[in-house]
Amino acid sequence: MFVELFKLVYLDFLNNDYFYENSRVVPGKLGADIKAQMFIKLKKPDLWPIEEKCNNYSEDDLFDVIEFLYDCVSEPIHRYDEWGHHGDSYDTFDRETGKQEFRDSMNKLLCDYREGYELSEKGEILELPEQGLEDLVLEKLPPYDPKNVEQRVESATLKFRRSRSSLDGKYDAIRDLFAVLEFLREQIKEVKLSDAESALFNIANNYSIRHHKDGQKQDYDKAIWYNWMFYYSLATIHACLKLIKKDESQSP
């Protein structure tokens, strides 16, 4: 059903010339051989033509093609008669509007697919945050140390939400968050969070997150508990930074 709905949206944009800039008969930005360009970018054969091949796509193929189309879409603006009543062409396009319209249309489908996904402004299909935790994922961290904290948390969050993020990918994202907490460890001690800190790092140390050694617990449902570990550690980073900033503001 999702593939059929995707095809309807794709054909609507195609028939309204939203891919004209990149795929017109007179070669556009992708050149004359779109099939070859898709293979070069996605490293996958047999994806083109989309309306014929999409019924045989895997989920990963379909998500790749949606991201590819997002990179190619643009709204046609100025139309002119190129060959004297033998055909119309465009010479002006609005990429931002085209991308936004395509993204809005795809997100209406993606939000209801499986656990829910979204096509981001950067053109990546990401898992939607768990219901009720959207604000936590979208909230900006208090400014502290961009290189060692904010950028690492943003990267870990993106890694965790990527649609094709395997359990190994989620594991790496959680480790990245615990690395941030390790970086903040001394500052956490200064605001007297030793009990919370001990409990938190006990999770990381004993459940094969920070280290890999004998005696660690691994017999648990990672698909469920990795989500809990991710949101728990992300929320803890937010709380700790706010407490650290509060402590700094109250210091002489």
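The values are calculated or read from the model by the stated rules, or taken from the named source; none is laboratory data. Everything numeric here is computed off the predicted structure, so don't read it as measured data. Cβ sites come from the backbone with ideal geometry, for glycine too, and all protein chains shown count toward neighbours. Quick note on the areas: whole protein, heavy atoms, side chains included, nothing else; ligands and nucleic acids left out. Shrake-Rupley method; radii C 1.70, N 1.55, O 1.52, S 1.80 Å.
A quick yes/no check of all residues on (1) closer than 24 Å to GLU59 by Cβ; (2) touching a Cys at 6+ places or on another chain (Cβ under 8 Å); (3) not β-branched (Val, Ile, Thr):
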| site | (1), (2), (3) |
| --- | --- |
| ARG103 | yes, no, yes |
| TYR113 | yes, no, yes |
| GLU121 | yes, no, yes |
| GLU124 | yes, no, yes |
| ILE174 | yes, no, no |
| LEU177 | no, no, yes |
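Tally time: how many residues in the stretch 120-147 are out of contact with any strand residue (DSSP E or B) (no Cβ under 9 Å at 6 or more places or on another chain), open to solvent by less than 60 Å² (accessible area, probe 1.4 Å) and within 30 Å of CYS72 (Cβ to Cβ)?
3
Can you pull out the residues in the stretch 99-119 that are open to solvent by 20 Å² or more (accessible area, probe 1.4 Å) and part of a loop (DSSP other than H, G, I, E, B)? Lay out the reasoning, then the answer.
Narrowing the stretch 99-119 to residues open to solvent by 20 Å² or more (accessible area, probe 1.4 Å): 99-101, 103-105, 107-109, 111-115, 118.
Once the filter is applied, which keeps residues that are open to solvent by 20 Å² or more (accessible area, probe 1.4 Å) and part of a loop (DSSP other than H, G, I, E, B), the stretch 99-119 yields CYS111, ASP112, TYR113, ARG114, GLU115.
Six or more apart or on different chains, Cβ under 8 Å: which pairs go from a residue in the stretch 55-71 that's of a type in the set (D, E, K, R) to one that's open to solvent by less than 20 Å² (accessible area, probe 1.4 Å) and part of a loop (DSSP other than H, G, I, E, B)? Could you list them?
Pairs that qualify, where the first residue is of a type in the set (D, E, K, R) and the partner is open to solvent by less than 20 Å² (accessible area, probe 1.4 Å) and part of a loop (DSSP other than H, G, I, E, B), are ASP61/LEU47; ASP64/LEU47; GLU67/GLY123; ASP71/GLY123.
Can you tell me which residues in the stretch 148-168 are part of a helix (DSSP H, G or I), of a type in the set (Gly, Ala, Ser) and open to solvent by less than 50 Å² (accessible area, probe 1.4 Å)?
Here is the first cut: in the stretch 148-168, the ones part of a helix (DSSP H, G or I) are 148-161, 167-168.
From the residues that got through so far, the ones that are of a type in the set (Gly, Ala, Ser) too are 155-156.
ALA156 - this is the single residue of the stretch 148-168 that is part of a helix (DSSP H, G or I), of a type in the set (Gly, Ala, Ser) and open to solvent by less than 50 Å² (accessible area, probe 1.4 Å).
Within the stretch 120-144, how many residues are touching a residue at least 24 places away in the same chain (Cβ under 8 Å), within 30 Å of SER249 (Cα to Cα) and in a loop (DSSP other than H, G, I, E, B)?
The qualifying residues number 5.
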